[in-house]
Every structure is written in structure tokens, then in C-alpha cells.
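Step one of this worksheet: look at the structure below.
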Amino acid sequence: MDKLITKYINKELSSEEAAELKEWLERDALNRKVFENIVGHWQLSSAKIDQRQEAVLARVMVADESHSEQPVIPINNTWNYLRRVAAIIIVGLGIAYIAQNIDFDIAETQVAEIAYVQKQTSYGQRRTVQLPDGTIVKLNAGSTITFPANFTDKKREISLEGEAFFDVKRDESRPFIITTSDIKVRVLGTSFNVKAYDEGKKAAVAVRSGKVAVSDINDAQRTELLPNEMAIYQKGDKKIDKTAFEEGQVPFDWMNNNLVFDDENIDEMFVVISRWFDVKFEISENLELDQKRKFTGKYRKPTLSSVMESLSYAYEFDYEVKGKTVFVNNN
């Protein structure tokens, strides 16, 4: 892939190579960030590159805790090293030099320098974030949102891992686009919820107001949602299903501090409980829980003990909480 990026910089890509590079960029968010940093570094002056290399190399040396044992590796030495440097710049320095409006018509490619911002919540935490355009985002536990410090004149694009409720500032000249690992959401101005945890078996979008367009990551499927409608993307069969829900029902309850299980099995509920209360589960090897049995329930301002009491009764197991670990055993 380093050869293709070099050809891209030198404007030597064939149409087949451009398609291959595009597919690689869309495959993984880290791939795109690596690409953006490499292209951005190429565009900088020699003086800036030297300064950035010194800062990055210093961070690598500190991170490895091997100042005297490891030789300093030139920044252009290997492709793996470039990935490592790009990741350190993104996570450690929070700055990316982004190829804006990447178009594989080489003659029209433009590169701009843009700073990215990342906001996240740990397990057991929720927070509200205001984006540069005035959009309000409420992050559920264990979620991450990444967005430019300033949106472009053409679009407002962000990425999400986890769950968040969006109250989007209307701007008909700049569509608002949310990208997750599996789906894309496009709006002009509306309020809606997106649930797209990487470890989940499905992703879901539920609309409170306005109109929302939902597609898979490759735009092979697309559906539009109106208020009180939901799209569910099943990762297994890569299919988007559309359904309706009653006003004030499940999708938005977490914002009112209500924990809701809707026809979920025990493993799925343990994942939600872990995220909600910042705990982990240790399940006895001798315990067999019925994974086919589904559970529906709603807990208002729940405590860990109240949730575990009801589940232990329903699934006939004992449990013990020690610190941040829940031990689940036979009765």
C-alpha cells in the first residue's frame, strides 16, 4: 500500500490503482487517518517535517521506554513505522493533516491542514458535547466521537463508535454525516439516536424529529426515516430493516437514566450492564445460561443490585459483587 500512496502523491495512479486505494481507505478508519497524515506530511515544508519528526520520534522513544537499546528509525523507513507514527500523532498530539475532499481524479486533489477533536466516555459515564456548528451530542457510556475543530464549507462529517443522541443544527447547505464501522447517517437538521458499538451484533438509528437517511457503509442499501421510525442494521446478514416505535419508547430512554432491555439474551444484557455500571463479569465455568431465552425489562434510575437481583431470579443463578467485578455462579 505504501507504493500506491507514493504514486498518489506523485500523481501516477492508474484508475485500477485508484480504486484499490479507495477500497483500502474505506475498509478501516485507521487506514484513512494514516493516509491523511502521510499526505499531509508530504505537503509540509521541510522545516515543519523536521520539527514534526523530532517530536514524534521523541514520543516513540518515551513510549517504548528504550532510549538506549533501540536505534532511532528514519520516519520513511518502513510502512509499519509510518502506521505507528501516524497513530501516535493522532492519539498523542491530536493533529492530523487531512486530504480534504479526496477525489481520485488526481488533477483536482486538494490537501488542507485540519485539526481533529475526539471526545469519549468511559464505562459508567455520560456527557454532552457541542460541535462547532452548534449541534448538541449526548454520548452514552463507552462511546467515542471524532470531528473536525471546524467543519468545511461543503459538509459536516463526524465518526462515532458507541451510542449518541444528536440534536443537529439545521444547515441546508452542509449535510451532516455520521460514519460508524457499519452504517452512515445523513441529515440536514433533526434529532435522532445512533447506537453502533463495534462489539454489538447490530446498529440502530431511531428518529425523534425530522428526516434521516440511513445506509450501509458502502451505500448498497438506503432507507429514510421519519419521527418514531427506526432502522436496524444486522451485521450478520448485512441487512437494514425498518420499523416503528411508540413515542417515548426504548431508543431514547437512556437519556432519562432508564436502563432498558428489549428482547435481549443474557450475554447481551451483561455487556450493557458492564457499560452502564463500569463493571466486568466473571462467569463460573460450570454455569450454563440459556442464551435462547430473551428478556424484556425497564429499570428507572437503576442500581447494580436491583438489576442483578431480577436477572438472577429470572435465569436462576447466584451472584456476588466484589469491587468492580460481578461473579456469577450456580444456585
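Odds and ends about this structure:
- Residues in the range 226-245 include at least one that is buried (at least 19 other Cβ atoms within 10 Å of the Cβ), of a type outside the set (D, E, K, R) and touching a helix residue (DSSP H, G or I) at 6+ places or on another chain (Cβ under 9 Å).
- Filtered residues of the range 161-178 (kept if crowded, with 20+ Cβ neighbours inside 10 Å and either more than 16 Å from ASP133 (Cβ to Cβ) or touching a residue at least 60 places away in the same chain (Cβ under 8 Å) (or both)): GLY162, GLU163, PHE165
- Here is the figure for the range 128-177: residues that are among the small types (Gly, Ala, Ser) and either under 15 Å from the mean Cα position of the chain (by Cα) or outside the structural domain of THR190 (by TED's automatic domain parsing) (or both) total 6.
Residue-wise test of (1) more than 18 Å from ASN218 (Cβ to Cβ); (2) among the charged types (D, E, K, R).
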{"position": "ALA164", "(1), (2)": "yes, no"}
{"position": "ARG170", "(1), (2)": "yes, yes"}
{"position": "THR179", "(1), (2)": "no, no"}
{"position": "LYS184", "(1), (2)": "no, yes"}
{"position": "VAL187", "(1), (2)": "yes, no"}
{"position": "PHE192", "(1), (2)": "yes, no"}
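- Residue match in the range 227-240 (condition: within 17 Å of LYS202 (Cα to Cα), basic (Lys, Arg) and touching a Lys or Arg at 6+ places or on another chain (Cβ under 6 Å)): yes
- The one condition from (1) in contact (Cβ under 8 Å) with a residue 12 or more places away in the chain; (2) part of a strand (DSSP E or B) that ARG275 does not meet is (2).
- Matching entry among ALA244, ALA203 (being touching a residue at least 24 places away in the same chain (Cβ under 8 Å), small (Gly, Ala, Ser) and touching an Asp or Glu at 6+ places or on another chain (Cβ under 7 Å)): ALA203
- Some residue of the range 305-316 being at positive phi and within 29 Å of the chain's Cα centre (by Cα): no
- 3 or more residues of a type in the set (Val, Ile, Thr): qualifying strands (runs of 3 or more DSSP E) within the range 114-161: 144-148
- Qualifying positions in the range 283-313 - touching a helix residue (DSSP H, G or I) at 6+ places or on another chain (Cβ under 9 Å) and part of a helix (DSSP H, G or I): LEU304, VAL307, MET308, LEU311
- Only residues that are crowded, with 16+ Cβ neighbours inside 10 Å and assigned to a strand (DSSP E or B) were counted in the range 205-222, giving 9.
The values are calculated or read from the model by the stated rules, or taken from the named source; none is laboratory data. The structure displayed is predicted, hence computed values, not measured ones. Note that each Cβ is placed from the backbone with ideal geometry, even for glycine, and that neighbours are counted across all protein chains shown.
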